[in-house]
Amino acid sequence: MKYLMICLVLFATESKAQSYAAFFIPDSLRKNAVAVCRLEEKKVEIFSSSKAIVRNRYVITVLNPHGDGYGNYSNHYDKLRKLNNINGTLYDALGKKIKSMQKKDLLDMAYNDEISLMTDDRMKRFSFNHTSYPYTVEFTDEEQLNGTFFLPSWNPVPGQKFSVQHSSFEVVLHEGADVRFKELNVPEKPIEKVAGKQKSYVWTLKDFPAYEREWFQPAPENFLPNVYLAPVEFTIGNYTGKMDTWENLGKFILQLNAGKDALPPAIAADVKRLIGNVSNREEKIRLLYEYLQQNTRYISIQMGIGGWQPFDASYVATKRYGDCKALSNYMVSLLKEAGITAHYVLINSGEARRGLWEDFPAPYFNHAVVCVPSGKDTLWLECTSQTISPGYMGSSTGNRKALMIADHGGVVVNSPLYTAKENRQVRKIQAQVDESGNLKASLNTRFSGIEQETQHYLLHNNTAAMREKYLNQSLDLPNYSVEAIRYNETKSSIPEIEEYMELKATNYATITGKRMFITPNLVNKVSTRPDASKPRKYAVVYPHSFTHADTVEISVPAGYEPESIPKDVTVDNPFGKYSIRFEVKDNVIRMYRRYTREAATYPASSYADLAAFYHALYQADHSRVVLVKQSE
């Protein structure tokens with residue numbers, strides 16, 4: 001009998017070695033991949049609104065050094081989530097066990113998001129630091145959730161160049177538990193089972209090949225398989241709530257914020273002093289917003305329920321700081337004291353982040369702002385910046401859906417949309433080229449909307465030395481140096497920044513014998529030439545709209561006459577509107593350029609036409625005027 005048990009153990013060990021051997025990976029999953037998920041088993045058991053357990057097991061083969069990041073262990077925990085039973089094993093290319101993870105080597109550290117002063121979020125990390133490829137790692141762990149406000153999602157493809165051989169996601173609901181789910185791009189519906197008073201769902205993904213990033217591709221959630229979970233009823237800390245509708249989620253936020261709007265008498269007096277002689281509503285809002293900016297600063301604080309519950313307005317008034325929730329709540333309180341109705345708004349921040357799904361109420365937010373309704377003139381306020389213009393959201397929080405917390409609960413709203421009309425860059429350049437081909441130029445550029453965000457950051461978040469370093473590296477101009485720079489900012493809901501720059505560039509013009517070659521488009525050239533030889537897999541997504549208008553005048557030395565002037569180019573198609581025109585007269589080269597693009601999504605089938613569009617713009621932008629020096 002003992003001999004039989006030994007044989008069974010040896011057989012099981014040998015079978016695992018065979019299954020983990022790298023040569024069993026199909027060629028279709030090796031293609032374009034740096035790592036392959038051999039097996040993932042993610043199981044979520046929901047016992048009640050206050051208790052859930054998540055068990056994770058995954059086996060990943062790392063094919064080369066570029067895949068090492070996929071072979072490391074990392075997971076988070078905090079007051080609302082415990083992390084236990086962490087185990088790891090390393091296997092060689094043949095699937096033979098090399099060693100197991102030692103608990104003493106498991107790093108336990110505070111999670112540094114680089115913005116939070118205080119957070120209870122911690123992480124555990126581990127790496128085998130193995131450098132013989134391919135190798136395989138197996139990790140398991142268990143998460144105990146104290147409340148079901150946040151439920152895990154299934155994202156079997158964590159990034160590019162990662163393929164999946166087999167991944168499964170199981171959700172088990174015990175008696176009385178309920179959950180909602182949103183499926184994105186899953187190949188098959190889940191298998192549903194009922195066993196007594198338990199119900200389960202199982203999603204499976206098999207033989208999913210690695211993907212490579214494409215130019216202007218959609219957000220990965222638009223083409224990768226994902227399943228998101230959200231509760232109907234939930235518990236978090238000492239609070240309970242419902243999330244079956246956006247209105248009910250908003251009611252829960254009202255619960256968290258209740259009684260936190262009382263201002264200290266001194267601050268209430270400041271409000272009355274500021275707006276006492278002001279009758280215009282917009283002016284009152286501006287004054288109070290600037291008061292917030294001048295008297296508070298942003299510090300992120302994420303502790304337990306505090307990750308969702310703001311500090312009292314009196315706390316912010318006393319400490320003169322707060323996170324996005326606290327500062328937004330404080331701004332609403334200041335406006336309330338002034339008799340102006342404003343609403344706390346939950347939103348997703350980040351240029352690449354989406355807004356909410358209207359059909360799937362869920363707590364997927366990372367930021368809070370303020371909305372001041374007023375018919376068509378609704379004003380939005382970003383309360384974490386001490387320099388941003390009142391009413392401006394920009395690329396970080398503009399053009400997305402958000403959850404406004406109204407008096408009766410949550411309401412889905414749209415943040416401001418910024419089009420090519422608002423996002424403008426209008427530049428005028430006066431330049432001179434000397435006999436040696438050296439260039440001196442004065443640039444006067446007016447930026448507005450999203451187009452002014454880089455300049456706003458340079459102006460307010462950098463030293464003069466840092467600005468100079470950036471500007472001496474950022475222009476599409478060879479051998480140049482910035483000699484002088486100054487800015488003039490106009491604050492409004494569509495802010496503007498005027499930039500004045502003086503620069504020099506050596507050998508800008510190419511001189512060959514009697515000929516001088518000059519590219520009139522000095523600093524605003526299309527630099528991308530997409531490769532249309534490869535088939536396009538995903539749609540093309542333009543991220544934001546803009547209008548660029550350039551006028552360039554370049555004086556050249558006397559005695560030169562034009563030999564070749566580029567042809568004017570006009571392109572008007574679904575990808576954008578572009579025109580460029582050249583003329584040479586009285587020793588002055590003039591160029592007039594205008595390019596307008598709107599945010600849009602185009603099918604993959606249009607990629608060849610899009611590439612041709614960019615090639616046409618590239619050629620026109622880089623075209624040269626040829627001058628010939630006349631004999632004396």
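The values are calculated or read from the model by the stated rules, or taken from the named source; none is laboratory data. What you are looking at is a predicted structure, and each value in this text was computed from that prediction instead of being measured. Cβ atoms come from the backbone with ideal geometry, glycine included; neighbour counts cover every protein chain shown.
Residues considered: 439, 458. Of these, the only one that is out of contact with any helix residue (DSSP H, G or I) (no Cβ under 8 Å at 6 or more places or on another chain) and either of a type in the set (S, T, N, Q) or more than 26 Å from residue 243 (Cα to Cα) (or both) is 439.
Return the residues of the range 222-244 that are closer than 30 Å to residue 602 by Cα and not aliphatic (A, V, I, L, M); say none if nothing qualifies. Across the range 222-244, the qualifying residues are 222, 223, 225, 226, 228. Would you check if there is a residue in the range 322-331 being under 21 Å from residue 377 (Cβ atoms) and in a helix (DSSP H, G or I)? Yes, the range 322-331 has at least one match.
Every residue, every condition in (1) hydroxyl-bearing (Ser, Thr, Tyr); (2) in contact with a His (Cβ under 7 Å, 6 or more places away or on another chain), yes or no:
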residue: 474; (1), (2): yes, no
residue: 480; (1), (2): yes, no
residue: 497; (1), (2): no, yes
residue: 505; (1), (2): no, no
residue: 516; (1), (2): no, no
residue: 519; (1), (2): yes, yes
residue: 535; (1), (2): no, no
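May I ask you to say which residue of 253, 301 is crowded, with 17+ Cβ neighbours inside 10 Å and touching a helix residue (DSSP H, G or I) at 6+ places or on another chain (Cβ under 8 Å)? Steps first, answer last, please.
Working: 253 fails: touching a helix residue (DSSP H, G or I) at 6+ places or on another chain (Cβ under 8 Å).
One residue alone meets the criteria, 301.
Scan the range 604-627 and tell me whether some residue there is among the basic types (Lys, Arg), in contact with a strand residue (DSSP E or B) (Cβ under 7 Å, 6 or more places away or on another chain) and over 26 Å from residue 447 (Cα atoms). Within the range 604-627, one or more residues are among the basic types (Lys, Arg), in contact with a strand residue (DSSP E or B) (Cβ under 7 Å, 6 or more places away or on another chain) and over 26 Å from residue 447 (Cα atoms). If you go through the range 273-289 and keep only what is assigned to a helix (DSSP H, G or I) and free of Cβ contacts under 8 Å to residues at least 12 places away in the same chain, you end up with 273, 283. Inside the range 97-107, residues that are surrounded by 12 or more Cβ atoms within 10 Å (Cβ to Cβ) and part of a strand (DSSP E or B) make up a count of 3.
Select the strands (runs of 3 or more DSSP E) contained entirely in the range 131-209, then report the ones holding at least 1 residues which are modelled with pLDDT of 95 or more, within 20 Å of residue 22 (Cβ to Cβ) and in the same structural domain as residue 79 (by TED's automatic domain parsing).
Details: elements: 135-146, 162-173, 179-184, 191-195, 198-208.
The qualifying strands (runs of 3 or more DSSP E) are 135-146, 162-173, 198-208.
Candidates are the residues of the range 189-222 that are of a type in the set (A, V, I, L, M, F, W, C) and surrounded by fewer than 14 Cβ atoms within 10 Å (Cβ to Cβ); the one that is farthest from residue 43 (Cα to Cα) is 219.
Say whether the condition of being over 28 Å from residue 223 (Cα atoms) and more than 27 Å from the chain's Cα centre (by Cα) is met by at least one residue in the range 146-164. Yes, the range 146-164 has at least one match.
Of the residues 54, 36, 62, which is assigned by TED's automatic domain parsing to the domain that holds residue 179, touching a residue at least 12 places away in the same chain (Cβ under 8 Å) and farther than 18 Å from residue 135 by Cα? When all the criteria are applied, what remains is 54. If the condition is being within 19 Å of residue 456 (Cβ to Cβ) and either crowded, with 17+ Cβ neighbours inside 10 Å or touching a Gly at 6+ places or on another chain (Cβ under 9 Å) (or both), then the range 492-507 contributes 492, 493, 494, 495, 496, 497, 498, 499, 501. Please enumerate the residues belonging to the range 332-366 that are under 18 Å from the mean Cα position of the chain (by Cα) and assigned to a strand (DSSP E or B). Residues satisfying the conditions are 346, 347. If I ask for residues that are buried (at least 19 other Cβ atoms within 10 Å of the Cβ) and among the hydrophobic types (A, V, I, L, M, F, W, C), which ones from the range 40-53 would you list? Matches in the range 40-53: 44, 46, 52. Please go through the range 315-337 and give me each residue that is in contact with a Leu (Cβ under 7 Å, 6 or more places away or on another chain) and surrounded by fewer than 21 Cβ atoms within 10 Å (Cβ to Cβ), ordered by number. The one that is in contact with a Leu (Cβ under 7 Å, 6 or more places away or on another chain) and surrounded by fewer than 21 Cβ atoms within 10 Å (Cβ to Cβ): 337.
Across the range 76-96, which residue is farthest from residue 40 (Cα to Cα) among those that are part of a loop (DSSP other than H, G, I, E, B) and basic (Lys, Arg)? Spell out how you get there, then give the answer.
Going through the range 76-96, the residues part of a loop (DSSP other than H, G, I, E, B) turn out to be 79-80, 92-96.
Among the residues that remain, those that are also basic (Lys, Arg) are: 79, 96.
Numbers: 79: 27, 96: 19 Å.
Among those residues, the one meeting the criterion is 79.
For first residues located in the range 451-476 and not assigned by TED's automatic domain parsing to the domain that holds residue 387, partners that are of a type in the set (Asp, Glu) and surrounded by 13 or more Cβ atoms within 10 Å (Cβ to Cβ) and lie 6+ apart or on another chain with Cβ distances below 8 Å form the pairs 452/496; 455/499; 456/489; 459/489.
Just give me the residues in the range 421-477 being among the β-branched types (Val, Ile, Thr) and in a loop (DSSP other than H, G, I, E, B), in sequence order. Selection gives 463 alone. Among the residues that make up the range 381-401, is at least one of them crowded, with 22+ Cβ neighbours inside 10 Å and either basic (Lys, Arg) or assigned by TED's automatic domain parsing to the domain that holds residue 545 (or both)? So far as the range 381-401 goes, no, none of its residues is crowded, with 22+ Cβ neighbours inside 10 Å and either basic (Lys, Arg) or assigned by TED's automatic domain parsing to the domain that holds residue 545 (or both). Of the residues in the range 472-488, at least one is over 31 Å from the mean Cα position of the chain (by Cα) and of a type in the set (D, E, K, R).
Remark: residue 551 matches the filter, which requires a residue to be in contact (Cβ under 8 Å) with a residue 12 or more places away in the chain and not aliphatic (A, V, I, L, M). In the range 377-393, is there at least one residue being under 19 Å from the mean Cα position of the chain (by Cα) and in a strand (DSSP E or B)? No, the range 377-393 contains no residue that is under 19 Å from the mean Cα position of the chain (by Cα) and in a strand (DSSP E or B). Annotation note: Cβ proximity below 9 Å between a residue of the range 218-235 that is in the same structural domain as residue 607 (by TED's automatic domain parsing) and farther than 15 Å from residue 364 by Cβ and a residue that is of a type in the set (A, V, I, L, M) and at pLDDT 95 or above (sequence gap 6+ or interchain) occurs for no pair.
Residue-wise test of (1) in a strand (DSSP E or B); (2) assigned by TED's automatic domain parsing to the domain that holds residue 433; (3) surrounded by 13 or more Cβ atoms within 10 Å (Cβ to Cβ).
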{"position": "484", "(1), (2), (3)": "yes, no, no"}
{"position": "489", "(1), (2), (3)": "yes, no, yes"}
{"position": "511", "(1), (2), (3)": "yes, yes, yes"}
{"position": "520", "(1), (2), (3)": "no, yes, yes"}
{"position": "532", "(1), (2), (3)": "no, yes, yes"}
{"position": "535", "(1), (2), (3)": "no, yes, no"}
{"position": "538", "(1), (2), (3)": "no, yes, yes"}
{"position": "544", "(1), (2), (3)": "no, yes, yes"}
{"position": "547", "(1), (2), (3)": "yes, yes, yes"}
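Of the residues making up the range 392-441, those that are β-branched (Val, Ile, Thr) and closer than 18 Å to residue 346 by Cβ number 5.
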